[in-house]
Amino acid sequence: MANFTELVNGVRQVFRSGRTVTYEWRRTQLEGMLKLLDENMDKLTDALYKDLHKAKAEAMMMELNMVRNEVINTMNSLTTWMKPEKVKKELINIMDTCYIKSEPYGVVLILGAWNYPIQLSLLPLIGALSAGNCAILKPSEISQNCAQLIEQLIPKYLDNDCVKVVNGGVPETTALLSERFDYIFYTGNNVVAKIVMAAAAKYLTPVTLELGGKSPVYVDRNVNMEVVARRILWGKCSNAGQTCIAPDYVLCSKDVQDQLIEQLKKIIPEFYSENPVESGHYGRIVNERHFQRVKKLMQSGTVAIGGDVKDDERFISPTVLRDVKVTDPAMQDEIFGPVLPIITVGDDNEAIDVINSREKPLALYIFSNNKRVVHNFLNRTSSGGVCVNDTLMHISIPTLPFGGVGHSGVGSYHGKFSFETFSHRRSVMERGLTLDSVNAIRYPPYTEKKLQMVSWLSSQKVKKTGFFSFFPFVIIGTVVAFLFKALGIHGKEVSHTD
Ligand code: NAD
């Protein structure tokens, strides 16, 4: 079995030397990452095409531009993020300097997944390096062209002593997980997530788990069904449905089901031509195991659109299943393919019951013009994220954290949240050694008087809410107004000719 003890110890020694904590080192790594992307766009898009038949536009939009923007955003914000964060003080601490210092954890392990193999490897790496960590990255072995390219490129652009790429499958990942890391960032399915979490538990290593699940879509009545169909189809069929936040299944009324299917029939050829197998804009299922798995899911409800497969290419056409039941195969696990089951429900409350009877999803999509309906979902369900009247778009903005809840994940990242994920927020209080007489009240021998004094200085007061919170200001305002009037103080009038 592979042994990574020497590798991890070597990297840890470099971390302990303090090389990675400086702004300059972090900035250099980010510049290296930007250069890596800019000088190798073609190689990266080629590798994505080879692994997933990913169209260049999709590769650019959903992987490479996203990573590039993340590097630039991080470069632009790093000095601000690294600044110690001053905190509010109590009377008792008035002379002290109190702040939160973000410090790197140390050596972090990043395990990437195959469906967005570049993005899911490099985005967490940007976060880890910006926070001043050393990193060992293991891209997914399933998207092997991307994995090999990452292994080739990283040593050319990043600090070789601090960033290592390990390629391999389950034996290599297992061996890596037996080592002690200071943080583990895993993207993938929730079966392996439990293995990762158990390995982390051995050393009490903190983890982020970016997982998946069945992300539901609710489609209300009285929406522009053509736009809705387009947005659902785009979310479902990007990367041939192999997206962690892809709309997994639709909940809607019987009449909405008919309208949605009618629109999807028109839009599928618009997107992928009459013969999607020949479209250069449509992906393939990553391997035989997943291909066979997704094919079986089509035996649910009735095929309303598609259902075509081409075994030698692992092609599955955009497929819509109508009148699916929650007990059907397509509703057991995350679909992760271009198959869209529709389940009919009476109203939004019944849809909420279906959602709440399952594990918390990574994303929830609500198509509705009715604020009551939207808020009903927001208040009564839980999910990693929500996007109202669109799909996938909520993860494109770096000011929103991306992550799951419950079975869809632990922790989050993107933008500043990545920096925070890979940083320990250390509490620092700096005090002087003078004026120790002020501290006499906390030293023994304790007396009743000292206790009263300490309690008075350190006790929190309950804040008044509502009208009473403004009450002191009302009183002060009234008194000041009264004094002005009583003393005959008037403001100087400003004439228009001044
Ligand atoms: P995968 O097979 O590429 O596995 C992910 C990682 O786990 C790889 O690095 C792999 O080497 C490692 N691994 C696999 N089996 C292992 C084992 N037995 N022991 C130790 N390590 C092992 O990816 P996957 O799990 O098929 O990915 C698909 C899942 O990931 C879906 O559920 C999807 O929703 C989820 N996902 C989530 C996100 C997110 O950001 N939340 C993104 C992409 C995918």
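The values are calculated or read from the model by the stated rules, or taken from the named source; none is laboratory data. Please read these numbers as outputs of a predicted model, since none were measured by experiment. Glycine gets a Cβ as well: all are built from the backbone with ideal geometry, and neighbour counts include every protein chain shown.
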ask   = Do we have any residue at all in the stretch 233-251 that's more than 12 Å from the ligand (Cβ to nearest atom), surrounded by fewer than 24 Cβ atoms within 10 Å (Cβ to Cβ), at pLDDT 95 or above and in a loop (DSSP other than H, G, I, E, B)?
value = no
note = Selection over the stretch 126-157 where residues are of a type in the set (S, T, N, Q) and within 13 Å of the ligand (Cβ to nearest atom) yields a count of 3
Of all residues in the stretch 40-75 being crowded, with 21+ Cβ neighbours inside 10 Å and β-branched (Val, Ile, Thr), the one that is farthest from Leu129 (Cα to Cα) = Val67
query = In the stretch 375-384, is there at least one residue being in contact with a helix residue (DSSP H, G or I) (Cβ under 7 Å, 6 or more places away or on another chain), crowded, with 21+ Cβ neighbours inside 10 Å and closer than 22 Å to Asn65 by Cα?
reply = no
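For the stretch 400-414, which residues satisfy the criterion of being more than 9 Å from the ligand (Cβ to nearest atom) and either over 16 Å from Asn356 (Cβ atoms) or charged (D, E, K, R) (or both)? Step through it out loud before you land on a result.
Restricting attention to the stretch 400-414, the residues satisfying the condition of being more than 9 Å from the ligand (Cβ to nearest atom) are 400-401, 405-407, 410-412, 414.
Within the stretch 400-414, Leu400, Pro401, Val410, Gly411, Ser412, His414 qualify.
Yes or no, residue by residue, for (1) more than 25 Å from Lys88 (Cα to Cα); (2) modelled with pLDDT of 80 or more:
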| position | (1), (2) |
| --- | --- |
| Asp436 | no, yes |
| Ala440 | no, yes |
| Pro445 | yes, yes |
| Ser469 | no, no |
| Ile476 | yes, no |
| Phe482 | yes, no |
query = Given the structure, is Thr205 farther than 24 Å from Lys360 by Cα, in contact with a helix residue (DSSP H, G or I) (Cβ under 9 Å, 6 or more places away or on another chain), near the ligand (Cβ under 10 Å from one of its atoms) and β-branched (Val, Ile, Thr)?
reply = no
ask   = Which one of these does Arg289 not meet: (1) free of Cβ contacts under 8 Å to residues at least 40 places away in the same chain; (2) assigned to a strand (DSSP E or B); (3) within 16 Å of the ligand (Cβ to nearest atom)?
value = (2)
remark   = The one condition Arg12 fails out of (1) surrounded by fewer than 20 Cβ atoms within 10 Å (Cβ to Cβ); (2) out of contact with any strand residue (DSSP E or B) (no Cβ under 9 Å at 6 or more places or on another chain); (3) touching a residue at least 12 places away in the same chain (Cβ under 8 Å) is (2)
Subset of the stretch 300-327 that is charged (D, E, K, R) and free of Cβ contacts under 8 Å to residues at least 24 places away in the same chain - its residue that is nearest to Pro216 (Cα to Cα) = Asp311
inquiry  = For the stretch 165-195, which positions are near the ligand (Cβ under 8 Å from one of its atoms), out of contact with any helix residue (DSSP H, G or I) (no Cβ under 6 Å at 6 or more places or on another chain) and within 21 Å of Gln144 (Cβ to Cβ)?
reply    = Gly168, Gly169, Val170, Glu172, Thr173, Thr174, Gly188, Asn189, Val192
query = What are the pairs, 6+ residues apart or on separate chains, where a residue within the stretch 107-120 that is near the ligand (Cβ under 10 Å from one of its atoms) has its Cβ under 8 Å from a residue that is aliphatic (A, V, I, L, M) and assigned to a loop (DSSP other than H, G, I, E, B)?
reply = Trp114/Ile142; Trp114/Val286; Asn115/Val286; Leu120/Ala113
inquiry  = Restricting to the stretch 396-416, name every residue that is of a type in the set (Val, Ile, Thr) and touching a helix residue (DSSP H, G or I) at 6+ places or on another chain (Cβ under 9 Å).
reply    = Thr399, Val410
ask   = Does at least one position in the stretch 364-381 carry a residue that is within 16 Å of the ligand (Cβ to nearest atom) and touching a residue at least 40 places away in the same chain (Cβ under 8 Å)?
value = yes
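If only one of Leu176, Leu158, Leu211, Leu137 is touching a strand residue (DSSP E or B) at 6+ places or on another chain (Cβ under 7 Å), surrounded by 23 or more Cβ atoms within 10 Å (Cβ to Cβ) and touching a residue at least 40 places away in the same chain (Cβ under 8 Å), which one is it?
Just one listed residue meets the conditions, Leu211.
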request  = Test each condition in (1) touching a His at 6+ places or on another chain (Cβ under 6 Å); (2) farther than 12 Å from Val217 by Cβ for Asp347 and report the one that comes out false.
outcome  = (1)
request  = Would you point out which residue out of Leu123, Leu211 is under 27 Å from Val71 (Cα atoms) and either within 8 Å of the ligand (Cβ to nearest atom) or modelled with pLDDT under 95 (or both)?
outcome  = Leu211
